[in-house]
Amino acid sequence: MTGEKLPSRSEDFPEWYNQLVLKAELADYAPVRGCMVIRPYGWALWENIQQALDRRFKATGHENAAFPLFIPRSLIEREKHHVEGFSPELAVVTIGGGETLPEPLVVRPTSETIIGHMWSKWIHSYRDLPVLMNQWNNVVRWELRTKLFLRTLEFYWQEGHTAHATREEAEAETRQMLDIYAEFAASEAAIPVIPGRKSEAEKFAGAETTYSIEAMMGDGKALQSGTSHFLGQNFSRAFDVKYLDPAGQLQYCWTTSWGLSTRFIGAIIMVHGDDQGLVLPPRLAPIEAVIVPIFRHDAERAAVLEAARRLRSELVQAGRRVKLDDREGLSPGWKFNDWEMRGVPLRIELGPKDLANRSCVLARRDRPGQPGKSVAPLDELPAAAARLLADIQQSLYDRALAFRQAHTRECRTYGELKAAVETGFAVAFWCGGSGCEATVKEETKATLRCIPLEPAAASGACVVCGRPSGERAVFGRAY
Ligand SMILES: [Zn+2]
């Protein structure tokens, strides 16, 4: 479990990440290369992400449904760009029940095709629109280079799918869901993100426009943390999803899809973590506070444990997710390290002296050591914990934003861009040419992350070719 120390982030960030995922018991490697097992602590984090998003989806009128894992290969092949984009990553089942199947079945890489197929049966009239759906599921993409949470053959996510009567409505939906992702990332995960539009080269296979939220990790690299696609009529034409408008004319629907996956857990780890381990944002942390009882002998033990149990139930009653660490035979110092590594936002220390004073010691995970410690009277603990957790949540966001700002440079020249992407993001004018985008990628390994939605129009010279340009793009090396 604890054992060996983590490598520091500055000496080996990728190895720090891998070891931390394993040691904190978020996930483990599965017997199939590139697959992972999400352990209970990691799954609890994912459940909190799910609940926070699901609330937002339902508040904006979306309903959950469940579509099947298998998709007939002929359905995947209906939309030309979609099949080109996904073919190299498909897992295909050719035998079922010992018999060769008449038609191979694809294990879903995403569900636009099967949903389009079903919608063609369900949507007939403008009165059936809009259709606002979401599903929580797992999908498979046969990735060659994998990394726990960030890129695995099978991953969990939600995929939202909507159908609308007009282009304007579908575009508004696409942007609404991007806004929801950005707001979720900021207020629940304390992760500042840049919402923006993807370039042609980076957009989803089959989309007209792809938007994403981009976050900066603790090593200055980018992580695409959620995407929202305006699919135009590409899928409705491929799957014949039509409706009769009020004038009695048959029209193709306008559709969208949007997704956020377990990769987001990787963002939380890499944005907030430090050399001691995870630092989880309180609003998503499986355990918001851990109570560590401190005693030297049996006489103290009974009194301290009894008080600790009382504290726990008061905190639980106040709606907190609390753990009392009453494991035997482990020193308080060992427990402190263990919970620090697991990123629990708040530690509550309770010993005989504290009890005598009717108080306890609170230690913040985001400020290790003495600076993060304070004393609270026992009868005010629930209120004090609530205040501190809210403050930790805000501090994590502020710190991540300050880090991103310190590692983002406005670049006028290509030389500046090359230097900037060594340590973070480069923001530069870009002419919109895929040639210039490809040059940057080849020569610097940085990709065009997005064209930020804000600030809007300005003009300058393309950082690569010097042609006049009306928009800035964010470039960065990415996971
Ligand atoms: Zn250019």
Looking at region 455-467, is at least one residue within 10 Å of the ligand (Cβ to nearest atom), in a loop (DSSP other than H, G, I, E, B), on the phi > 0 side of the Ramachandran plot and surrounded by 14 or more Cβ atoms within 10 Å (Cβ to Cβ)?
yes
Index of the failed condition, V421 passing every other in (1) away from the ligand (no atom under 14 Å from the Cβ); (2) of a type outside the set (D, E, K, R); (3) free of Cβ contacts under 8 Å to residues at least 40 places away in the same chain
(3)
Just one of the numbered conditions (1) outside any loop (DSSP other than H, G, I, E, B); (2) touching a strand residue (DSSP E or B) at 6+ places or on another chain (Cβ under 6 Å); (3) in contact (Cβ under 8 Å) with a residue 40 or more places away in the chain; (4) under 30 Å from R33 (Cβ atoms) is not true of T227; which one?
(3)
Take L448 and decide whether it is open to solvent by 40 Å² or more (accessible area, probe 1.4 Å) and not assigned by TED's automatic domain parsing to the domain that holds T210.
no
How many residues of region 428-445 are closer than 18 Å to Y479 by Cα and either open to solvent by 80 Å² or more (accessible area, probe 1.4 Å) or of a type outside the set (D, E) (or both)? The answer is 7
Determine whether region 111-128 contains at least one residue that is open to solvent by 90 Å² or more (accessible area, probe 1.4 Å) and farther than 21 Å from E169 by Cβ.
yes
Can you name every residue in region 65-79 that is in contact with a helix residue (DSSP H, G or I) (Cβ under 8 Å, 6 or more places away or on another chain) and in contact (Cβ under 8 Å) with a residue 40 or more places away in the chain?
F67, P68, I71, L75, R78, E79
Filter region 23-46 down to the residues that are open to solvent by 40 Å² or more (accessible area, probe 1.4 Å) and either in contact with a Pro (Cβ under 6 Å, 6 or more places away or on another chain) or touching a residue at least 60 places away in the same chain (Cβ under 8 Å) (or both) and list them by number.
E25, Y29, V32, R33
Would you pick out the residues in region 123-150 that are polar (S, T, N, Q) and in a loop (DSSP other than H, G, I, E, B)?
T146
Residue list for region 372-394, restricted to those being assigned to a helix (DSSP H, G or I) and open to solvent by less than 60 Å² (accessible area, probe 1.4 Å)
G372, L378, L381, P382, A383, A384, A385, A386, L388, L389, I392, Q393
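The values are calculated or read from the model by the stated rules, or taken from the named source; none is laboratory data. Not measured: the values here are computed from a predicted model. Heads up, the Cβs are rebuilt from the backbone with ideal geometry, glycines too, and the neighbour counts pull from every protein chain shown. In case anyone asks, the SASA skips ligands and DNA or RNA and just uses the protein heavy atoms, side chains included. Shrake-Rupley method; radii C 1.70, N 1.55, O 1.52, S 1.80 Å.
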